[in-house]
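The values are calculated or read from the model by the stated rules, or taken from the named source; none is laboratory data. Because the structure is a prediction, the values reported are computed rather than measured. Positions of Cβ are generated from backbone atoms using ideal geometry, with glycine treated the same way; all protein chains shown enter the neighbour counts. For accessibility, only protein heavy atoms count, side chains too; no ligands or nucleic acids. Shrake-Rupley method; radii C 1.70, N 1.55, O 1.52, S 1.80 Å.
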Amino acid sequence: MVVCLPSLALFDCFAAGMVVNAFIELLDCGTSNYPGSSRDCILLAACEAHETLPQSAECPADVFTSCLTTPIKMTLRWDAWDMAAEICLSHLPSLVEDPNAEFQPSSFFTEQLIAFEVWLDHGSEHKKPPEQLPIVLQVWLSQCHRFHALVLLGRFLDMGPWAVDLAPSVGIFPYFLKLLQTTTPELRQILVFIWTKILALHLNEQLIRVLCQSFVYPQTLYCGKIVFVRGRNP
């Protein structure tokens, strides 16, 4: 395959940053057949090498790609993501022209957490659900915002069963199960609180199947309650 220069590549998948890291290593080692320089190619990755992409039934699987290729359609579906993508893209010209230019991190996650916190202060079961709830999953990908996002999610789930019912609709289970394996002490307490809220209402056959496919599995059935332990699938 022949790639014209300059070029732009988009990687919208789990651990997308691995591709970017590999590309940089090849350039540094001088073993690549790539004919141009690093300034001739722009690589856009949806997440870092060690991160995954949360999934939501309300949004397409390739949210990052959709924001770039069909911004109008995504604006009607999710205004915040379109705005965030435009802000990030607006920095590209200066970064390409000046290799020494410092990238300014987006304030998108911070702003969304603030908006979610405002909703928690004034929202209720009888009001429109918070638009920021699906974005909270994306915030979990950012280590510096993870604890704050989990605390706010815990506050939301503590508002009642109706709030807990919204959790599966935004695809909370796959990524949350991975967070449960964390060894970070400050996260464990809030993770346990959130997990117990979910199990209290959603310990059903569907959730059991999700658990069996991850890192825990049913070990004992006692008095109608299932006890889960860490381990591999039997």
(request) Determine which single condition residue 149 fails, assuming it passes every other condition in (1) surrounded by 14 or more Cβ atoms within 10 Å (Cβ to Cβ); (2) outside any helix (DSSP H, G or I); (3) of a type outside the set (Phe, Trp, Tyr); (4) in contact with a helix residue (DSSP H, G or I) (Cβ under 8 Å, 6 or more places away or on another chain). (result) (2)
(message) Given the options 181, 104, 138, 189, name the one that is open to solvent by 40 Å² or more (accessible area, probe 1.4 Å) and either of a type in the set (Gly, Ala, Ser) or in contact (Cβ under 8 Å) with a residue 24 or more places away in the chain (or both).
(response) 181
(request) Determine whether residue 46 is modelled with pLDDT of 80 or more, in contact with a strand residue (DSSP E or B) (Cβ under 7 Å, 6 or more places away or on another chain) and closer than 19 Å to residue 146 by Cβ. (result) yes
(message) With the structure loaded, tell me whether residue 93 is over 23 Å from residue 62 (Cβ atoms), surrounded by fewer than 15 Cβ atoms within 10 Å (Cβ to Cβ) and of a type outside the set (Asp, Glu) or whether it fails that test.
(response) yes
(request) Working only within region 118-135, note down all residues that are surrounded by fewer than 15 Cβ atoms within 10 Å (Cβ to Cβ) and not in a loop (DSSP other than H, G, I, E, B). (result) 118, 121, 122
(message) residue 102 - would you say it is under 30 Å from residue 6 (Cβ atoms), acidic (Asp, Glu) and part of a loop (DSSP other than H, G, I, E, B)?
(response) yes
(request) Residue by residue through region 4-27, note down the ones that are assigned to a loop (DSSP other than H, G, I, E, B) and either among the polar types (S, T, N, Q) or buried (at least 16 other Cβ atoms within 10 Å of the Cβ) (or both). (result) 12, 13, 15, 16
(message) Suppose we keep only residues that are part of a helix (DSSP H, G or I) and over 16 Å from residue 130 (Cβ atoms) within region 162-185. Which one would you say is nearest to the chain's Cα centre (by Cα)?
(response) 175
(message) For region 62-90, give me the residue count where each residue is surrounded by fewer than 19 Cβ atoms within 10 Å (Cβ to Cβ), at pLDDT 70 or above and within 18 Å of residue 133 (Cβ to Cβ).
(response) 1
